[in-house]
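Q: Structure in structure tokens, see below.
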Amino acid sequence: MSTSPENPDRALLAWAKDRYPIGKFVEWAKHKTVPIGPGAFWYYFGGISLFLFLIQVGTGILLMFYYKGSADTAFESVRFISAKVPFGWLVRSVHAWSANLMIFSVFIHMFSVFFMRAYRKPRELTWLSGIVLLALLLGFGFSGYLLPWNELAFFATKVGTDIVGVIPVIGEPIMYVLRGGEEVTGSTLPRFFALHVALFPALLTVFIAGHLFFIQMQGIHEPDAWKAHPEQRKTMPFFPHFFMRELLLWLITLNILAVLAVFFPAELGIEADPFSPAPAGIKPEWYFLSTFEFLKYMPAHVGPLEGEEFGLLLISFGFLLWCLVPWIDRGRHPRITKIVMVAGVLILVFLSTLTYLGHVA
Amino acid sequence: MRKVFAPALIVACVALSADARAEDLPADAGAEDLAADTGAEDLPGGQCLECHLSTGDGVAELWQDDVHARAGIGCETCHGGDPVQADSELAKRRGTGYQGELSPREITSSCGGCHSDVEYMKVRKPLLPVDQLEKYWTSEHGKLLVKGETRVAQCASCHGAHGVREVNDAKSPVYAPNIPAMCAQCHADADYMSDFDIETNQYDEYTQSVHGKALLEKNDVRGAPACNDCHGNHGAAPPSIDAITNICGACHSYNAELFLGSPLAPAFKEKSLADCVACHGKHFITHTRDEWEGDKPGATCRKCHEKGEEGSELALYFTETFGSVRQSFEEIEALLTEAEMQGMDVTEGEDYVEAARQGLMQARTLIHSFSKPVMEEKLIEISENQAAALEEGFAALQALKDRRRGLAISTLLLLLLTIIVAIKIRTLPPIE
């Protein structure tokens, strides 16, 4: 490779190659493949989630230039961003919409992994790290929802933290720490802000790195049928074939985001007033609606437990089972696999139905 | 006077006799011992209470909640008698000062005996005024009582006799929202009032008035006036013409100030017109409307001003100007709503609208100055705010157009990029 001044790009590459094992990385990238099977389309949602996360980081940093995270200033600063900062409305709307699309995309990614049984050995930790990532994203959503300090967010946070407080033994201390006191007040906002822009991003970065590391180490899951029929095995190179297709979807996603931001910009509502009564019809964001709705159907008491305590116990048990799926279904007993798959379908129907009921309630 | 007689004749009074007054403070041990002996839940009343509990006349029951009972004042303070004696004859025997039922005149003396005594009251209820009786004698009720008319209201008529409660107790008949109905017991009774030559429609009118609705429907205890706020309570009397602006001005101070400084104040005085009442009415005071002005027949100003007169022209100016301002609000609201419905932030525009609305409210108050230059100054401020709101609305709609244009351009660019990537994918080496 020439290092002549007439070819500066190559000169730079050569300079880097002299110092770093770039060649090995290029070789690895050249040989990285992605399976082409009936469910190949669903592989793209992991990448779409990552793309939306990068948009979140970019727009989040821009919003932080103007956002003021205290109860006295938060609402006005968001109003200023929406009304006065050039393209502030766009940045805020894209941030809000990409957060929703990202969680939606992560749900699709998780269920596609589930139904393709990609959680099985050796990918147990990939599955678990993915669940942690989803939990962190829900935490991002919950903490970010309060930041504009408007009435809806204020009371939704009150309801949300009330639910946390129902958890036996540890619930109340957690609720107290989250709220910064007995109630949701101006002290709550800086805590949520700190979680949203410091703790959660740090944890998310670590877990994304771990999640990607596991995927690169073990490769992308291949359809089970290929084990019995290796002749059916078909793959495409990650670079450039899969990457270009992923890029195509990213562009489409970006355009969808732009359309949503222009036609349905993020609303601000009215400023939170801790002393005003809660308005009617307070609901959490759509990704918490199923939990919210489920708890509403709980009776007042179940045995010695409060209805909400019992509901949370059920949800926690279900979540634990969901985490343990790789160990429940190891692929050794078709009957167990069938039960797990049917349970997955039922969970999907259950979550969708409750979300819909919560939306129309 | 059934409203007066029923409770009034029961109330106690040996007020002018210093010996009979409750000299001891509420914490007095003797009173507590007496209550304990009678078993009447620590309330003073002794054997009087024991007997009256059994007669079922209701007096003893009312006494349970009476502020005087709670303050340790016993029956003998007003009625005399010996509360230690279980035998009724002995309790009421000669020499005990027993008075039984009190006449209306005796009631005022009995209550006033303590409540007018500064030394007595300042150690028991220091914040309570002590001029009630003095004012009462200046009231129409008091004046008639002095003349021997016993059908007039005295202390017990309004406060009750044995169930006297604090004024701010919602169960008290003199708690603000209860006052109109309490006064109406006599003043809305045409038969009862027939000898006094007073109208009896005040209560009906008041309940339909802006004040009545605020007090009785919205329970605006602190803001809305009851009968006593205008007429006085202990010194109740119809306000004189000279007093009206001051009475209304107690709450509507700016309006009163503007009116007293206006050219209409001396003119009203000259014609003996009752200031505020001349235009707004008395008990049936409703929300003002811009249509009240103007020069059409029936308009308020036409009561005095003929069409074409200076006053009538000013009224016409007010009504036309306000009409124009209101119409501008409708146009601005339509514009801002259109922008908001399409997702645009119009908060700043709404702030200008709010400022203009505040201005209009102030302008309506400024009518009381009856001055065109004063009004013009305010109208300039209103129109500036309205213009700014309009500008915000148009800017929001323009920004919306710009956003959509920007979206179209970015969509085209993204589409172009998408096509390039798609072509690139097609030109990639085939997958093996």
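The values are calculated or read from the model by the stated rules, or taken from the named source; none is laboratory data. Note that the structure is predicted; figures quoted are calculated from it, not measured. A quick note on method: Cβ atoms are made from the backbone with ideal geometry, for glycine too, and the neighbour counts reach across all protein chains shown. These accessible areas exclude ligands, DNA and RNA; they are computed on the full protein's heavy atoms, side chains included. Shrake-Rupley method; radii C 1.70, N 1.55, O 1.52, S 1.80 Å.
Q: For B:K122, give me every one of the lysines with a C-alpha distance below 26 angstrom, ignoring sequence neighbours fewer than eight places off in its own chain.
A: B:K135, B:K171
Q: Leaving ligands and nucleic acids out of the surface, order B:K401, A:K17, B:K296 by accessible area at 1.4 Å, largest first.
A: The most accessible residue leads, giving B:K296, B:K401, A:K17.
Q: Can you give me the long-range amide H partners of B:G97? Hydrogens built in the peptide plane at 1.01 Å from N, cutoff under 5 Å, separation of 5 or more residues or another chain.
A: For B:G97, the qualifying residues are B:G81.
Q: For the stretch A:76-83, what does the Karplus curve 6.51 cos²θ - 1.76 cosθ + 1.60, with θ = phi - 60°, yield as ³J(HN,Hα) per residue in whole Hz, taken in order and with x for Gly and Pro?
A: 5, 5, 5, 4, 5, 4, 5, 9
Q: Related question: Would you jot down the residues in the stretch B:324-367 that end up with at least 10 Å² less accessible area in the complete protein assembly than in the chain alone, with a 1.4 Å probe?
A: Buried on complex formation: B:Q342, B:G343, B:D345, B:T347, B:E348, B:D351.
Q: So between A:K338 and A:D72, what do we pick up on full extension, going 0.36 nm a residue minus the alpha carbon distance?
A: 90.3 nm
Q: Now, a different point. Could you order A:I61, A:I336, A:I48 so the one with the most accessible surface comes first? Probe is 1.4 Å.
A: Descending accessible area places them as A:I61, A:I336, A:I48.
Q: Per residue, how much accessible area does the protein assembly as shown show when a 1.4 Å probe rolls over the protein heavy atoms, in square angstrom?
A: Result: 56 Å² per residue.
Q: I've got another one for you. Give a residue-ordered list of calculated ³J(HN,Hα) values for the stretch B:393-404 (Karplus: 6.51 cos²θ - 1.76 cosθ + 1.60, θ = phi - 60°; whole Hz; x for Gly, Pro).
A: x, 5, 5, 5, 5, 5, 4, 4, 4, 4, 4, 5
Q: Once you've got the GNM for chain A with C-alpha springs shorter than 10 Å, pick whichever of A:L90, A:L13, A:L268 has the biggest mean-square fluctuation.
A: Sorting by GNM fluctuation, first place goes to A:L13.
Q: Pairing the Cα long axis of helix B:29-38 with the longest principal axis of chain B, what angle in degrees results, from 0 to 90 and rounded to the nearest 10?
A: Orientation of helix B:29-38: about 80 degrees from the principal axis.
Q: Sort B:H162, B:H211 from largest to smallest accessible area, using a 1.4 Å probe on the heavy atoms of the protein chains. Present the calculation step by step, with values, prior to reporting the outcome.
A: On the way: B:H162 20, B:H211 45 Å².
These residues rank, largest area first, as B:H211, B:H162.
Q: With the crude spin-label approximation of a point 7 Å out along Cα→Cβ, what separation in nm comes out for A:I170 versus A:L348?
A: 3.1
Q: Let me ask something additional. Where in the stretch A:240-282 does accessible area fall by at least 30 Å² between the isolated chain and the complete protein assembly, at a 1.4 Å probe radius?
A: A:H241, A:M244, A:R245, A:L248, A:L251, A:N255, A:V262, A:F263, A:P265
Q: Within a Cβ distance under 10 Å of A:R79, other residues only, what is the Lys/Arg minus Asp/Glu net charge?
A: Residues near A:R79 contribute -3 overall.
Q: So, one more: Between B:L412 and A:K32, what is the FRET efficiency for a Förster distance of 35 Å, r being their Cβ-Cβ separation, to the nearest 0.05?
A: Efficiency computed from Cβ-Cβ geometry: 0.55.
Q: What FRET efficiency comes out for the pair A:C323/B:A170, r = Cβ-Cβ distance, R0 = 60 Å, nearest 0.05?
A: Between A:C323 and B:A170 the formula returns 0.55.
Q: Would you look at the GNM of chain B, springs on alpha carbons closer than 10 Å, and say which of B:I367, B:I419, B:I73 moves the most?
A: Comparing B:I367, B:I419, B:I73 in a Gaussian network model of chain B, the most mobile one is B:I419.
Q: May I pose another question? Would you please classify the overall shape of chain A from the alpha carbon gyration tensor, given that a ≥ b ≥ c denote the square roots of the eigenvalues, rounded means a/c under 1.5, and beyond that prolate means a/b larger than b/c while oblate covers the rest? Write down the numbers at each step before the final one.
A: Values: a/c = 2.18, a/b = 1.26, b/c = 1.74.
It comes out oblate by the Cα gyration axes.
Q: Taking H as built 1.01 Å from N, whose amide H comes closer than 5 Å to the amide H of A:A266, not counting residues under 5 places away?
A: A:S93
Q: A further question on this structure: Show which lysines lie in cross-link reach of B:K303 when reach means a straight Cα distance below 24 angstrom and same-chain residues fewer than eight apart are skipped.
A: Candidates past the 8-residue exclusion: B:K269, B:K271, B:K282, B:K372.
Q: Turning to a different aspect of this structure: Anything over 23 Å Cα to Cα? Flag those among B:K213/B:K296; B:K213/B:K307; A:K227/A:K338; A:K30/A:K234; A:K283/B:K401; A:K121/A:K234, in the order listed.
A: Working: B:K213/B:K296 29 Å; B:K213/B:K307 35 Å; A:K227/A:K338 19 Å; A:K30/A:K234 16 Å; A:K283/B:K401 32 Å; A:K121/A:K234 21 Å.
The answer is B:K213/B:K296; B:K213/B:K307; A:K283/B:K401.
Q: Which distance in nm do the two modelled labels at B:D351 and B:Y317 give, with both placed 7 Å along the Cα-to-Cβ direction?
A: Placing both labels 7 Å along Cα→Cβ, they lie 3.4 nm apart.
Q: Let me ask something additional. Quote the FRET efficiency, to the nearest 0.05, computed for A:H359 versus A:L12 with a Förster distance R0 of 41 Å and r equal to the Cβ-Cβ distance.
A: 0.15
Q: Mind running the shape call on chain B? Use the C-alpha gyration tensor, a ≥ b ≥ c as the square roots of the eigenvalues: rounded below 1.5 for a/c, prolate if a/b tops b/c, oblate otherwise.
A: Numbers: a/c = 4.05, a/b = 1.88, b/c = 2.15.
Oblate, since a/c reaches 1.5 and b/c is not below a/b.
Q: Give me the net charge of B:S54's neighbourhood, meaning all other residues with Cβ under 15 Å from the Cβ of B:S54; Lys, Arg count +1, Asp, Glu -1.
A: So the environment of B:S54 carries a net charge of -4.
Q: Could I ask something else about it? Setting aside same-chain residues fewer than 8 positions from B:K218, which aspartates and glutamates have a Cα under 20 Å from its Cα?
A: B:D169, B:D204, B:E205, B:D229
Q: How big is the B-A contact in terms of buried accessible area, both chains counted, 1.4 Å probe, rounded to the nearest 100 Å²?
A: 2100
Q: Can I ask one more? Give me, ordered by chain and number, the residues 5 or more places off A:T235 or on other chains with an amide H under 5 Å from its own placed amide H.
A: A:I36
Q: In whole percent, and with a 1.4 Å probe on the protein chains, what portion of the accessible area of chain B is carbon and sulfur?
A: Reported share for carbon and sulfur atoms: 56 percent.
Q: Could you tally the net charge around A:P168, taking each other residue with its Cβ under 11 Å from the Cβ of A:P168, Lys/Arg +1 and Asp/Glu -1?
A: Computed value for this residue: -4.
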